[in-house]
Amino acid sequence: MAKTKLNTTEIDFEHLSNILKPLSHHHRLQMIIGLFHHECNVSQCQERMGLPQSTISQHLRVLKDAGIIKGHRKGTEVCYKVVDEFALKLIDLMEN
């Protein structure tokens, strides 16, 4: 099978790097895979992962600052979901 040459001029390497860096931490990677399947708030993430609330909040901040996730209000809580297209494709690729 012949390999197709990748056109590197069409790739935004800076964006890819900015997504991959935060995902290099195992807890953040676990979080985005979970958020890929189910939106959740800090308390739900804490319950599922068994980490302190402050740790969950710090990891969510890193993912949010990188543009990987976004939060939206549901009453008094903020629910998070994965919104970055590259991150969504990456998760899909990892699971398949």
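Values quoted throughout were computed directly from the atomic coordinates according to the rules given, and no laboratory measurement underlies them. Every value quoted in this text rests on a predicted model; they were computed, and no experiment measured them. Positions of Cβ are backbone-derived with ideal geometry, glycine not excepted, and every protein chain shown enters the neighbour counts.
The residues Asp84, Asp92, when put in order of fewest to most other Cβ atoms within 10 Å, stand as Asp92, Asp84. Set against the labelled values (i) 1.00; (ii) 1.14; (iii) 1.05, Rg/Rh (Cα atoms, Kirkwood Rh) computed from this structure falls on (iii). Close lysine pairs were tallied over the chain: pairs 8 or more places apart or on different chains with Cα atoms under 30 Å apart number 16. Rounded to the nearest 20, the Cβ-based charge dipole of region 41-96 about its Cα centre (Lys and Arg +1, Asp and Glu -1) stands at 220 debye. Only DSSP H runs of four or more residues enter the estimate; each adds -39500 (n - 2.57), and after division by the residues of the chain the mean residue ellipticity at 222 nm equals -17500 deg cm²/dmol. Net charge dipole, the chain: roughly 120 debye, given to the nearest 20, about the Cα centre with Cβ charges of +1 for Lys and Arg and -1 for Asp and Glu.
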